[in-house]
Amino acid sequence: MLTKVDPIWVAHAQDGPLHSFELTIPQDLDYFRGHFNGAPVLPGVVQLQWAIRKAQQTFQMAEYCARLDVVKFQHLQLPGQSVTLELERLDDTRVRFAYFSGDKRYSSGRIVFEAESA
């Protein structure tokens, strides 16, 4: 059973439509087990999961993520690292996300939400 699956959310700031969340990636995050032994790296799917969940909480977006657009993983995120997750609501269904620290961008893209159809 996974028990340590969330980052440590340190701070939140808003500047107009932009929301910035400072976070620290715990050294003992369960997702590091086996990814990779001796050189742990935060999986991209975890970065997406955190961005999707934070966008849903921040902007009350739909529960269903329909697709991801222009997703890029540019640098590795490592245990103990502190980064910023920036979210910007583009319209009723789309949110832009980016993980960065200073001038270094780790990953970015757009999340497209839609209500789950019956």
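The values are calculated or read from the model by the stated rules, or taken from the named source; none is laboratory data. Bear in mind the structure is a predicted one, so any value in this text is a computation, not a measurement. Glycine also receives a Cβ, built like all others from the backbone with ideal geometry; neighbour counts cover every protein chain displayed. Only protein heavy atoms, including side chains, enter the accessible area calculation; ligands, DNA and RNA are left aside. Shrake-Rupley method; radii C 1.70, N 1.55, O 1.52, S 1.80 Å.
Screening Phe32, Phe36, Phe21 for residues that are open to solvent by 80 Å² or more (accessible area, probe 1.4 Å) and of a type in the set (Phe, Trp, Tyr) leaves exactly one candidate, Phe36. For the range 34-45, the set of residues classified as touching a residue at least 24 places away in the same chain (Cβ under 8 Å) and in contact with a helix residue (DSSP H, G or I) (Cβ under 6 Å, 6 or more places away or on another chain) consists of Pro40 only.
For the condition at pLDDT below 95 and either surrounded by fewer than 12 Cβ atoms within 10 Å (Cβ to Cβ) or among the charged types (D, E, K, R) (or both), Gly102 does not qualify. Every condition in (1) acidic (Asp, Glu); (2) closer than 27 Å to Thr3 by Cα; (3) assigned to a loop (DSSP other than H, G, I, E, B) is met by Asp91 except one, and the failing one is (2).
From the list Gln60, Gln49, the lone residue that is free of Cβ contacts under 8 Å to residues at least 24 places away in the same chain, of a type outside the set (Val, Ile, Thr), loosely packed, with under 13 Cβ neighbours inside 10 Å and out of contact with any strand residue (DSSP E or B) (no Cβ under 9 Å at 6 or more places or on another chain) is Gln60.
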